[in-house]
1. Only one of these is more than 30 Å from Met232 (Cα to Cα), buried (at least 19 other Cβ atoms within 10 Å of the Cβ) and touching a strand residue (DSSP E or B) at 6+ places or on another chain (Cβ under 6 Å): Met42, Met31. Name it.
2. I need the full set of residues from segment 111-149 which are modelled with pLDDT of 90 or more, of a type in the set (A, V, I, L, M, F, W, C) and within 14 Å of the chain's Cα centre (by Cα), in order please.
3. Out of segment 202-253, which residues are within 28 Å of Leu103 (Cβ to Cβ) and part of a loop (DSSP other than H, G, I, E, B)?
4. So which residues in segment 1-17 are assigned to a loop (DSSP other than H, G, I, E, B) and buried (at least 16 other Cβ atoms within 10 Å of the Cβ)?
5. Starting from segment 155-171, keep only residues that are without any contact (Cβ under 8 Å) to a residue 12 or more places away in the chain, then list their pairs with residues that are surrounded by fewer than 23 Cβ atoms within 10 Å (Cβ to Cβ) whose Cβ atoms are within a distance under 8 Å, requiring at least 6 positions of separation or different chains.
6. Pick out the one residue from Glu132, Glu105 that is surrounded by fewer than 18 Cβ atoms within 10 Å (Cβ to Cβ) and among the acidic types (Asp, Glu).
7. I need a count of the residues in segment 18-36 that are part of a loop (DSSP other than H, G, I, E, B) and either under 28 Å from Gly176 (Cβ atoms) or of a type in the set (Asp, Glu) (or both).
8. Could you grab me the full set of residues in segment 69-110 that are of a type in the set (Ser, Thr, Tyr) and more than 13 Å from the chain's Cα centre (by Cα)?
Amino acid sequence: MKIKLQRPIVFLDLETTGLSLSQDRIVEIAMLRVAPDGSSQMKRRLVNPERPIPAEVSAIHGITDEMVKDAPIFKQLANEIGQYMENADLGGYNSNRFDWPLLAEEFLRAGLDFDLSGRRLLDVQKIYHQMEPRNLSAAYKFYCDKNLENAHSAETDVTATWEVFQAQLSRYEQLGDSVESVLKMVGEDEIVDFARRMVMENGREVFNFGKHKGKAVEDVLRNEPSYYDWVMKSDFPMHTKQKLTDIFNRTMLKQKNK
């Protein structure tokens, strides 16, 4: 194994009912936990999404309502999944924009927090797009010289992601041999919430959408507190609302202490 891990890293792939972070649900989860000594362990679960899987989505990943009708709901798996990711960095393919944000939503719906404190987020797709722009099947062919059979199976995809990442480390010496060196090379997203409705700019949270795009969140909440109420009542992901609430409470506390 070329990469030198200081602690475990968990690679994630999800199959879902669709692509909406706030509305769709997980139907399959696969996690590959890689230890610093190079050993790895796979955890795969089917999940009952408590709603029908659209036929056009089943046609992509092959998971039907019948296959998940007796599977546990996410809330029943949440503690097991959380424990599997303990003390680990997090990785995947396009995972920073979809898999981890959607998983965070599922945890919040289950009444559990999804704490990113001290974790590094390594998205293999970012390396690929920077070095050789294309998709996972093409990446697998390009880096591993193999065809990706049974693509859109979570277990197949997450295993392929790990293989692609290892091949990238061998091909690009400039990536180094640690999570830290890779992220230094390809850049690390400075986000506030997974849906990227807020980002960090010059050490401050800034709105990344709508009429207040580019404005400091604290300034907007201080001058227009009703905007907070609008967001909380609108169709935004729960993680976005949670982070905005943290900033809102901090802002109100500062005003009170003045």
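1. Of the residues listed, the single one that is more than 30 Å from Met232 (Cα to Cα), buried (at least 19 other Cβ atoms within 10 Å of the Cβ) and touching a strand residue (DSSP E or B) at 6+ places or on another chain (Cβ under 6 Å) is Met31.
2. Leu121, Leu122, Val124
3. Gly203, Asn208, Phe209, Lys213, Ser234, Asp235, Phe236, Pro237
4. Those that are assigned to a loop (DSSP other than H, G, I, E, B) and buried (at least 16 other Cβ atoms within 10 Å of the Cβ): Ile3, Leu5, Pro8, Thr17.
5. Once the first residue is without any contact (Cβ under 8 Å) to a residue 12 or more places away in the chain and sits in segment 155-171, its partners that are surrounded by fewer than 23 Cβ atoms within 10 Å (Cβ to Cβ) give Thr156/Leu148; Thr156/Glu149; Thr156/Asn150.
6. Result of the check over Glu132, Glu105: Glu132.
7. 3
8. The one that is of a type in the set (Ser, Thr, Tyr) and more than 13 Å from the chain's Cα centre (by Cα): Tyr84.
The values are calculated or read from the model by the stated rules, or taken from the named source; none is laboratory data. Small disclaimer: the values here were computed from a predicted structure and weren't measured. With ideal geometry, Cβ positions are generated from the backbone for all residues, glycine too; neighbour counts draw on all protein chains shown.
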